[in-house]
Amino acid sequence: MSAEIIDLAVFRARCNAAVGRYVCGRQCFHDAVDGMQAGADVTGLTWKVGQDLVQSIMVDAIRPVREAEWMPAGGSPQFHYGPTMFEIEAAALRNRGVLQSVLDAADHVRRQGDPDKLRQWLDQHSEYISAIMEHFRHA
């Protein structure tokens, strides 16, 4: 296997990991994307394979998540690129500084109906506990 193929496989795995951090609320969308790009730049992958291929891999990693985020209940997609930084910051202020993805994840764990799992998840996200509990009270 050539070194370029291995480099591309590693980059794909790193992109998938960045998407995972975004989905779990550990990273905002823009930081995840910037991190993917920086990883390609620092390792020299952008220079080796070109920016078009790097961006294509990044898009392939993030597309399913972003499409799911913007698919309303009726099933017809809304054609826009997502929230602006102003909208993200405004939502974070409404959520007491917590990203909406963290609150969505908390709701998901809560809906599973397993108190031990919810307690464990809350222990792992204790820095957000007051905002999450406030969110639960208003849900």
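Every read-out reported here was derived from the displayed coordinates using simple, explicitly stated rules and does not represent laboratory data. This structure is a prediction, so every number in the text was calculated from the model and none was measured. Every residue, glycine among them, receives a Cβ derived from its backbone with ideal geometry; neighbour counts consider all protein chains shown.
Data table
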{"quantity": "Theoretical FRET efficiency, 1/(1+(r/R0)^6), r = Cβ-Cβ of D41 and S2, R0 22 Å, to 0.05", "calculated": "0.60"}
{"quantity": "Calculated from backbone phi, Karplus (6.51, -1.76, 1.60) coupling profile of segment 39-52 in Hz, x at Gly/Pro", "calculated": "x, 5, 5, 5, 7, x, 5, 4, 5, 5, 10, x, 4, 4"}
{"quantity": "Surrounding net charge for L45, when Lys and Arg each add one and Asp and Glu each subtract one, Cβ distance under 13 Å", "calculated": "-1"}
{"quantity": "As computed over segment 3-69, the Cα convex hull volume per residue (Å³)", "calculated": "71"}
